[in-house]
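Structure first, commentary second.
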Amino acid sequence: MTGTIWLLSGPNLDLLGEREPGVYGTMSLDEHVARFTELAASFGCGVHHVQSNFEGDLVEAVHAARATADAIVINAGALTHYSWSLRDALAAFDGIRIEVHLSNPAARESFRQLSTLAAVVDGTIAGFGATSYDLAAYAVRDLLGARGQ
Ligand code: DQA
């Protein structure tokens, strides 16, 4: 199997490890990315990671992914709950789309109950900490396999 996964990280995820460790754990973003990259490599996929605290940067990353990526795995952080432009960008991406969260937004504050992205992704994985990213990698592997890649 071969493929390229763009892993996108939204606002404040650059603070993982320091930010609310009781909610998001103690691993840094670099550690999550390294673990995801290693797992993806084990089934033949390369990973390109982009983190930004700016909505437009992530919209442009999705546009750029259209030319090169087979899959997007995105933890959009709080943008998940209000970004219609990110939703529309993902709707214009033809590859595999997986939404990931470390925490389980459905079990948290009411403003986290809406995901603007949920309707335009293949599936959402939430609530398993670092394992959420592992599960996303496995989901990409299986979906790529189903496409014969
Ligand atoms: C998050 C959940 C979001 O509600 C929050 O704004 C984040 C992180 C998660 O991974 O659990 O920044 O996406």
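Just so it is clear, none of the values below were taken in a lab; they were calculated from the coordinates. Because the structure is predicted, anything quoted here is derived from the model rather than measured. No Cβ is skipped: glycine too gets one built from the backbone with ideal geometry, and neighbour counts run over all protein chains shown.
Excluding Arg147 itself, calculate the net charge of residues whose Cβ lies under 12 Å from the Cβ of Arg147, where each Lys or Arg counts +1 and each Asp or Glu counts -1. Mind showing how you got there, number by number?
On the way: positive: Arg141; negative: Asp70, Asp94, Asp122, Asp142.
Here the count lands on -3.
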*Hey, got a sec? Which chymotrypsin sites (Phe, Trp or Tyr not before Pro) in the range 24-84 land in a DSSP loop and have at most 12 other Cβ atoms within 10 Å?*
Phe54
*At 37 °C and 0.692 mPa s, grab the translational diffusion coefficient of the range 76-149 from Stokes-Einstein with a Kirkwood Rh over Cα pairs, rounded to a whole number in µm² per second.*
255
*Hey, what do the phi angles of the range 48-61 turn into as Karplus ³J(HN,Hα) couplings, whole Hz, using 6.51/-1.76/1.60 and θ = phi - 60°, x for Gly and Pro?*
10, 10, 10, 10, 8, 8, 10, 4, x, 4, 6, 4, 5, 5
*Charge dipole of the chain about the Cα centre (unit charges at C-beta), most positive-ward option of Val140, His49, Ser103*: Val140
_Quick one: 3J(HN,Hα) in Hz for the range 79-90, Karplus 6.51/-1.76/1.60 with θ = phi - 60°, rounded, Gly and Pro as x._
4, 3, 8, 8, 8, 7, 6, 5, 4, 5, 4, 5
*Two-decimal log10 I(q)/I(0) for the chain, as the Debye equation yields it once each C-alpha is a single scatterer, q = 0.10, 0.11, 0.19 Å⁻¹*: -0.29, -0.36, -1.15
